[in-house]
Amino acid sequence: MASTGGFQRISRTRMASGNNIGYYGPYDQLLLSRGGEGSVYYSGCEAGTQALGIEADGKIKGCPSLPSGPYTGANIRDMSLADIMAHTEPLPMNKVLRYSEESIAHLWGFCGTCEFKKMCRGGCTWTAHVFYGKRGNNPYCHHRALEHDRQGLRERMIRTDAAPGAPFDHGIFESVIEAKDAPSPAVSWLDRGDHALAIAVRDGGAPYAPPASTTP
């Protein structure tokens, strides 16, 4: 865990954190305030509302990071940007009334039951999609880790499908919820890519460090 002096230095630094830094944990004010005062909190994915992405071939999507297939609208060579934004799916996915039931209809898993769901709306769309193949359930969440820790649990991710090798591709993972003091599985270096650990806590908030994996 970072020292008190380290936090003091960070607090004097004007930062603009990525949208996949989160969420609703003890350091949100430090990470999201950009050096200012007052209460701040993450308010959900802004793909297609405060950001846009354009791929090399002209396809438009709500955020430069998003996978191509599920999130590109149309091609800027074929339609105006205004028409793409207004009429092609899935560009308008975040243009919904905040705090409405429609705004959280896509949530599932832990995010679907979270007390902050109407504010957070599942966190970063890219982070959720590249784990599960769809948005709406984000394993890289500080609040989620703290809730699991409070219950004596941790979350581990296991890859079930490899990335196919296309631009903006990703594998598919599934979550394993287990006792936080359960032995970590022995993983050979050949299989290490199939395992990841979602945010977990130790000693009051420090990232969990699994024991060294075995090697052949």
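Readers should treat all values here as calculations from the given coordinates under stated rules, not as data from a laboratory. Being a predicted model, the structure only gives us computed values, none of them experimental. Methodologically, a virtual Cβ is constructed for each residue, glycine included, from the backbone with ideal geometry; neighbour enumeration extends over all protein chains shown.
Legend: distances between Cα atoms for Lys61/Lys118; Lys95/Lys117; Lys59/Lys118; Lys118/Lys180; pairs beyond 21 Å are Lys61/Lys118; Lys59/Lys118; Lys118/Lys180.
If the chain linking Glu55 and Glu174 were pulled fully straight, counting 0.36 nm for each residue of separation and taking away their Cα-Cα distance, it would gain 40.0 nm. Subtracting the Cα-Cα distance of Tyr41 and Glu89 from their residue separation scaled by 0.36 nm leaves 14.5 nm.
Loop-located GluC sites (Glu not before Pro) across segment 47-127 with a Cβ neighbour count of 12 or fewer within 10 Å are Glu101, Glu115, with loop assigned by DSSP. Taking amide H positions as modeled 1.01 Å from N, with prolines and chain starts lacking one, the residues under 5 Å from Asn138 and 5 or more places away or on another chain are Cys111.
Each residue of segment 105-112 was assigned a 3J(HN,Hα) from its phi angle through the Karplus curve 6.51 cos²θ - 1.76 cosθ + 1.60 (θ = phi - 60°); the sequence is 5, 7, 6, 7, x, 4, 4, x Hz, with glycine and proline shown as x. Multiplying the residue separation of Arg98 and Ser184 by 0.36 nm and subtracting their alpha-carbon distance yields 26.9 nm.
Summing charges over neighbours of Glu102, with a neighbour being any other residue whose Cβ is under 12 Å away from its Cβ, gives +3 when K and R count +1 and D and E count -1.
From the Cα gyration tensor of segment 104-160, with a ≥ b ≥ c the square roots of its eigenvalues, which class applies: rounded if a/c is under 1.5, or else prolate if a/b is larger than b/c, or else oblate?
Details: a/c = 2.07, a/b = 1.11, b/c = 1.86.
The shape class here is oblate.
Taken along the Cα-to-beta-carbon direction at a fixed 7 Å, the label points for Ser17 and Asp78 span 3.9 nm. In this structure the amide hydrogen of Gly53, modeled in the peptide plane, comes within under 5 Å of the amide hydrogens of Lys61, Gly62, Cys63, none closer than 5 places in sequence on its chain.
Applied to segment 69-75, the Karplus parametrisation 6.51 cos²θ - 1.76 cosθ + 1.60 on θ = phi - 60° returns per-residue 3J(HN,Hα) values of x, x, 10, 7, x, 10, 9 Hz, with x for Gly and Pro.
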